Amino acid sequence: MSPLVTPPFAPRGGTADDDALPELFATTELGLTPDDYAELLASKRGNDERIAVHVRLPFCPSRCLNCDHHTTVTHNSEAIDEYIVDLEREISMVTDRIGRGRTLTQLHLGGGTPNYLSDTQLVQLMDVIDRHFHLDSDTEASLEANPKRCSPSQLTLLRGLGFGTLDLQIRDRDSAVQLAIGRSHSLSVLEDVIGSARSEGFETISMDLVYGLPNQSVETVHGTVKHMIGLNPDRIMCQTFSPRPSVFKHQRALDAEGLPSLADKVAMFNTASETLMDSGYEWVGLDCFAREHDALARAKHAGHLHRNWVGYTDRDTGDLYGFGADAITQLREANVQNKVQLGEWHEALHQGELPLCTGERISESEQRQLAALNTLLCNLELSDYGDLLEDSTLLKELAKQGFVEISDDKVSVTEYGRFALHQRWSDASPHYRATRGMALAS
Ligand code: SF4
């Protein structure tokens, strides 16, 4: 049985405070203008390395009270049509510089709720992507989906469009928890969706467990995990929730008294991890659990698990380009965040500008440090670190706080770090993660 780890921090609710975030995750100063970014993109022309693409689709039919994404609740299909038109503008502006037809390692549609798009809109979007990028049999194409909106015909369409991985957004199956956050799923719908997805040939079914929600307890998390295991997904992601009501006003409607403390959350994670491993799931990286046959579990054993802004991958995906409002672009030399507000994102594109709101350059020394840290955080061990420690205040700080230990020949994530580290990253605001610690915090 895994030891219960009690962190030495956290008020009830574990509310994240953007101003109190640890300097631990600071890497560089901001400083990438739109012109700098355009120049950097142009420098990548003629490069035939494979790349990854993440498209943000910030539309939902209703708002979950725990939501910590910048998304728009709309029932106006024209707003989504206009968004797809401007997505093409943005994609063209980038591919005009880096070159059209670049082959993708990874394509991910994130939300919002990507499967809120109509069948026609999904086809239009994939047409845009196909005209600007090349997808082949090695491209991992995935999308996030609300199971309540997955019809058999939509799954047939998505599979036909080339998607092989379905990320079902579950959160929790307990009715009191669902009521508290304004979501609902029935077991029979989930069973139907998974059955249809399997028979359509989706290779990977992934689910998310969110812990730290109102009304959750160790017992409800245990029940949810058992329920998920019964559905036999290939992967289960465990994500911690920390409210940020100053940024996301709707979170003020959450019952603050019902929010678990951080110590409660760590106990929930202990229960989830133990239950999953007892049922044959492998603990991959910090917060992912996968069946033995799954690509991520195999990558873990082969020592080549990777991680980018989208999540874990079984290979190095190369530069990740994000498109859409609030999308993140993660290049070797720079991190960029797009304008967050939908109106501002549209406006920049209509003025012919790349729609970034913040960006930072990453020096060669920082690139080495980030690559090493990603190796450490995916594979839990970093050997041959050479002179890296001399430059890395981050690694030293991680060691000081007990997340890692450093010996003569390797750096290893401690047992405490394995349970507590991702809680700290997830507590960083998305903006903070985007601009300061994104390569670590996604
Ligand atoms: S589905 Fe996701 S993006 Fe949409 S409101 Fe709920 S949490 Fe937010």
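Points worth noting:
- Relative to its Kirkwood radius, the Cα radius of gyration of segment 301-373 gives an Rg/Rh of 1.07.
- Gain in span if fully extended, Arg315 to Ser184, counting 0.36 nm per residue against the direct Cα distance: 43.7 nm
- 13 Å tail of the calculated P(r), segment 96-140, as % of Cα pairs: 63 percent
- Each Lys or Arg adds one and each Asp or Glu subtracts one; over the other residues with Cβ under 14 Å from the Cβ of Gly160, this totals -3.
- Relative intensity, log₁₀ I(q)/I(0), of segment 32-363 from a Debye sum that treats every alpha carbon as a point, q = 0.08, 0.13 Å⁻¹: -0.37, -1.04
- By the rule of a C-alpha distance below 20 Å, with chain neighbours fewer than 8 residues away ignored, the lysines paired with Lys249 are Lys339.
- Under the span-like rule (Cα at least 15 Å along the axis, Kyte-Doolittle mean at least -0.5), DSSP H helices of the chain: 77-98, 119-132, 187-200, 218-231, 262-278, 364-379
- For His293, neighbours were defined as the other residues whose beta-carbon sits under 13 Å from its Cβ, and their charges (Lys and Arg +1, Asp and Glu -1) total -2.
- Pairs from the table (Lys44/Lys410; Lys226/Lys400; Lys148/Lys265) lying more than 29 angstrom apart at Cα are Lys44/Lys410; Lys226/Lys400.
- The length gained on full extension between Glu381 and Glu203, counted as 0.36 nm times the residue separation minus their Cα-Cα distance, comes to 61.2 nm.
- Counting only DSSP H runs of at least 4 residues, each contributing -39500 (n - 2.57), and dividing by the residue count of the chain, the helix-based mean residue ellipticity at 222 nm comes to -11500 deg cm²/dmol.
- The simple spin-label model puts a point 7 Å past each Cα toward its Cβ; for Glu364 and Glu191 those points are separated by 6.0 nm.
- Among Gln178, Gln341, Gln216, residue whose mean-square fluctuation peaks in a GNM of the chain (springs only between Cα atoms under 10 Å): Gln341
- Distance in nm between pseudo-label sites at Asp36 and His69 (7 Å out along the Cβ direction from Cα): 3.0 nm
- For Leu388, the accessible area of its heavy atoms, probed at 1.4 Å with every protein chain present, is near 10 square angstrom.
- For Asp130, the shell of other residues with beta-carbons less than 13 Å away shows a net charge of 0, using +1 for Lys and Arg and -1 for Asp and Glu.
- Nonpolar atom fraction for segment 246-322, defined as the carbon and sulfur part of the 1.4 Å probe accessible area, stands at 48 percent.
- Fully extending the segment from Arg244 to Glu274, taken as 0.36 nm per residue of separation minus the present Cα-Cα distance, adds 7.9 nm.
- Centroid-to-centroid separation of segment 188-203 and segment 326-393 [C-alpha atoms, Å]: 35 Å
- With protein chains left intact and a 1.4 Å probe, residues in the chain average 40 Å² of accessible area per residue.
- Global form of segment 277-324, assessed from the alpha-carbon gyration tensor, a/c cut-off 1.5: prolate
- Modelled FRET efficiency - R0 41 Å, Asp48 with Val85, Cβ distances, 0.05 increments: 0.90
- Secondary structure note: in the chain, about 40% of the DSSP beta bridges are antiparallel.
- Shape category assigned to segment 120-269 from the gyration tensor of Cα positions, a/c cut at 1.5: prolate
- The chain: relative contact order in percent, alpha carbon pairs under 8 Å with at least 6 residues between: 20 percent
- The mean of 1/r over all pairs of different alpha-carbon atoms in segment 207-344, once inverted, gives a Kirkwood hydrodynamic radius of 17.1 Å.
- Label point distance in nm, Ser62-Gln351, each placed 7 Å from Cα along Cα→Cβ: 3.8 nm
- Efficiency of FRET from Cβ geometry, His227 and Ser407, R₀ 41 Å, rounded to 0.05: 0.50
- Working ranking of peptides 73-81, 411-419, 153-161, 323-331 by packing, defined as the average number of other Cβ atoms within 10 Å per residue, highest first, is 323-331, 411-419, 153-161, 73-81.
- Accessible-area value, Arg332, 1.4 Å probe, nucleic acids and ligands omitted, Å²: 110 Å²
- Computed with a 1.4 Å probe on the full set of protein chains, the accessible area for Met277 sits at about 70 Å².
The values are calculated or read from the model by the stated rules, or taken from the named source; none is laboratory data. Just so it is clear, the structure is predicted and the values come from calculations on it, not from any experiment. Counting neighbours? That spans all protein chains shown, and the Cβs are built from the backbone with ideal geometry, glycine included. SASA here: full protein model, heavy atoms, side chains in, ligands and nucleic acids out. Shrake-Rupley method; radii C 1.70, N 1.55, O 1.52, S 1.80 Å.
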